[in-house]
Amino acid sequence: MNKIDHQLPDKGIEVHLNGEPHLLPFNCTVSALVRSLPVEPTAVAVERNRTIVPRSLHEKTILEPGDQIEVVTIVGGG
C-alpha cells in the first residue's frame, strides 16, 4: 500500500504505531505524537520507518501517511 492510501480526507493521516493503525492530525510532529501517549517524553526512543529520530529533531519531524512508527520506553535499572 502506498502512502496516498493512508490519507483520510478531513480526518488526518493513518500511521502504524508499534504495529497498530493509529490516526493522527495532519502535520503532526514526532514530539506531538509522543506527548499524546501515556509515556514520559524524555524516556522514549522513536523510530520512523526503521530510522531512529534524534530527540533534537522531534519538534521538526512531521509524520506522513503510512509511516511506520515505533515508540520504545527506556527503562533503567540494574
(Q) Connecting C-alpha atoms closer than 10 Å in a GNM of the chain, tell me which of Pro54, Pro25, Pro38 has the biggest fluctuation. (A) Pro38
Q | Expected 222 nm ellipticity per residue - DSSP helices of 4 or more, -39500 (n - 2.57), all of the chain, to 500 | A | -2000 deg cm²/dmol
(Q) Could you work out what % of the accessible surface of the chain is carbon and sulfur, using a 1.4 angstrom probe and leaving DNA, RNA and ligands out of the count? (A) 55
**Q.** Whole-number percent relative contact order across the chain, with pairs defined as alpha carbons under 8 Å at least 6 apart
**A.** 39
Q. Per residue, how much accessible area does the range 29-78 have with a 1.4 Å probe, in Å²?
A. 63
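The values are calculated or read from the model by the stated rules, or taken from the named source; none is laboratory data. Quick caveat, the model's predicted, so the values are computed rather than measured. Protein only, heavy atoms only, side chains kept; ligands, DNA and RNA dropped before computing areas. Shrake-Rupley method; radii C 1.70, N 1.55, O 1.52, S 1.80 Å.
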